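Asks: Can you read through this structure? Questions will come right after.
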Amino acid sequence: MFDPRRAQLAQVFAQCYGSEPTQWVRAPGRVDLMGSHTDYNQGFVLTLPIDRDTWIAARPTDARRVRLVSLNLDEAAEFNLDDPAPTTTGFARYVQGVAMILHREGFFPLTGFDAVIHSTVPLRSGLSSSAALEAATAVLLAALGGFNVEPVRLAKLCQRAENEIVGMQCGILDQYSSILGRAGTAVVLDCRQLTHRNAPLPTDVHIVICNTCAPRELAGSEYGERRAQCEEGARQLGVAYLRDVSIEQFARRERELSPVVARRCRFIIEESGRVGGLAHALTQNDRAAIGRLTAASYAGARDLFEIGAPAMDAMMRAMLGSPGVIGARQTGAGFGGCLVAFVQEGELEPFVAHVQRQYVAETGMTPEVYPVSAADGAEVLPG
Ligand code: ADP
Ligand code: MG
């Protein structure tokens, strides 16, 4: 069957490299339905790998060189697999990072290749285009080298690439979701055990992404600060991670902490506790609980963890005032980016139209609003 996306990638590949791609891979973005910033506190997250993904069309070469073109950025880059330190900046750093970590871990052989990258995950919007690029790269290198990596290990290696080579101290959520997700289900991820269980979604509820499309300048620096504050809280509470503290234990010790650190800790502990609650509410199709838990999550993110933004408030108002809405909250790290709504079946079109109208009227910015469904994790595509 004719696939316009595949045709476009093949055409660009031919223009750039004068040949046809022989290896195709894909890896999805994700939306966290509950559990903001809980991953690096070794807590729980309810996450959904989505049907927006990153594709790489590639062809192995005899050289040690890797050449890359991103259709999203209209940029090219290259590096050598034997470079002892990262030589790239920007998007290529994610690809080089994965190659470097696999190399350091002794995966062999790593094969040079030419590639064209294209993603339908919006970049820098909190749906994890970075992990999708890492996961697709890892699957590509394994396919070209003919080696297998156990999926949880692969997720950890991709996370290390982002931590150590890109320099972003993210938790495991994004890479785990992109690699271990399965079509048709959300998953409750235990970020300590690195295991998950499926969490079925109601069939008559849409999951709708509402992208504020607002610039996210703070996301990098503030992320690191939140993480440090959580670590400080855990240290003062005498535990390794906030995962180790129940809300009752926390309430007894809360006043020993500085007000800011106490707010951060309270949010994480409550938020991690809401994960099981929302998974259960979705399984039961308990609309009132979905509304209550998502509202509490948003309020905590805004007032306790302080990762809100005026555009997020405007989007929440638009979502909660629209037909068919069951619940809504932030997704990703915050400071703008995307939000997510649960919307009654049959109300999708009026919901989308109303959110767009109200958000534009209030902010003057044009949002992107679309439903997503649960997709398979990273994989080799048929050639
Ligand atoms: P998010 O993961 O929420 O999308 P990040 O800031 O973590 O946001 O990652 C976004 C970065 O990942 C981009 O700025 C770019 O460097 C890189 N990236 C991801 N996907 C692509 C792509 N398809 N083409 C080029 N760069 C990409
Ligand atoms: Mg990212």
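The values are calculated or read from the model by the stated rules, or taken from the named source; none is laboratory data. No experiment lies behind these values; they were computed from the predicted model shown. Methodologically, a virtual Cβ is constructed for each residue, glycine included, from the backbone with ideal geometry; neighbour enumeration extends over all protein chains shown. Areas reflect the complete protein model, heavy atoms only, side chains present, ligands, DNA and RNA absent. Shrake-Rupley method; radii C 1.70, N 1.55, O 1.52, S 1.80 Å.
Asks: Could you check, for the stretch 89-99, whether at least one of its residues is in a loop (DSSP other than H, G, I, E, B), within 23 Å of residue 377 (Cα to Cα) and in contact with an Asp or Glu (Cβ under 9 Å, 6 or more places away or on another chain)?
Replies: Yes, the stretch 89-99 has at least one match.
Asks: Just to be sure, is residue 68 away from ligand 1 (no atom under 15 Å from the Cβ) and open to solvent by less than 50 Å² (accessible area, probe 1.4 Å)?
Replies: So residue 68 fails the test.
Asks: Could you check how many residues of the stretch 251-268 are under 9 Å from residue 304 (Cα atoms) and surrounded by fewer than 18 Cβ atoms within 10 Å (Cβ to Cβ)?
Replies: 1
Asks: Quick one: in the stretch 6-29, of everything that is among the polar types (S, T, N, Q) and in a helix (DSSP H, G or I), which residue is least open to solvent (accessible area, probe 1.4 Å)?
Replies: 8
Asks: While we're looking at this one, here's another question. Conditions: (1) open to solvent by 10 Å² or more (accessible area, probe 1.4 Å); (2) in contact with a Phe, Trp or Tyr (Cβ under 9 Å, 6 or more places away or on another chain); (3) assigned by TED's automatic domain parsing to the domain that holds residue 29. Residue 205 meets all but one. Number of the miss?
Replies: (3)
Asks: Name the residue, out of 73, 102, that is open to solvent by 30 Å² or more (accessible area, probe 1.4 Å), within 26 Å of the chain's Cα centre (by Cα), touching a residue at least 12 places away in the same chain (Cβ under 8 Å) and farther than 30 Å from residue 245 by Cα.
Replies: Working: 102 fails: open to solvent by 30 Å² or more (accessible area, probe 1.4 Å).
Among 73, 102, only 73 is open to solvent by 30 Å² or more (accessible area, probe 1.4 Å), within 26 Å of the chain's Cα centre (by Cα), touching a residue at least 12 places away in the same chain (Cβ under 8 Å) and farther than 30 Å from residue 245 by Cα.
Asks: Let me ask another. Only one of 157, 144, 133 is within 14 Å of ligand 2 (Cβ to nearest atom), in the same structural domain as residue 39 (by TED's automatic domain parsing), in a helix (DSSP H, G or I) and open to solvent by 10 Å² or more (accessible area, probe 1.4 Å); which?
Replies: 133
Asks: Right, here's the next one. Quick test for you: out of 88, 120, 111, 137, pick the one residue that is within 11 Å of ligand 1 (Cβ to nearest atom) and over 17 Å from the mean Cα position of the chain (by Cα). Break it down into steps so the answer makes sense when it comes.
Replies: Values: 120 fails: over 17 Å from the mean Cα position of the chain (by Cα); 111 fails: within 11 Å of ligand 1 (Cβ to nearest atom); 137 fails: over 17 Å from the mean Cα position of the chain (by Cα).
Checking each option against the conditions leaves just 88.
Asks: Got a number for residues in the stretch 112-129 being touching a Cys at 6+ places or on another chain (Cβ under 9 Å) and more than 9 Å from ligand 2 (Cβ to nearest atom)?
Replies: So the count comes out to 4.
Asks: Evaluate the following for residue 86: is it surrounded by fewer than 24 Cβ atoms within 10 Å (Cβ to Cβ), at pLDDT 95 or above, in contact with a Lys or Arg (Cβ under 8 Å, 6 or more places away or on another chain) and closer than 30 Å to residue 229 by Cα? Step through it out loud before you land on a result.
Replies: Numbers: surrounded by fewer than 24 Cβ atoms within 10 Å (Cβ to Cβ): yes; at pLDDT 95 or above: yes; in contact with a Lys or Arg (Cβ under 8 Å, 6 or more places away or on another chain): yes; closer than 30 Å to residue 229 by Cα: yes.
For residue 86, the condition - surrounded by fewer than 24 Cβ atoms within 10 Å (Cβ to Cβ), at pLDDT 95 or above, in contact with a Lys or Arg (Cβ under 8 Å, 6 or more places away or on another chain) and closer than 30 Å to residue 229 by Cα - is met.
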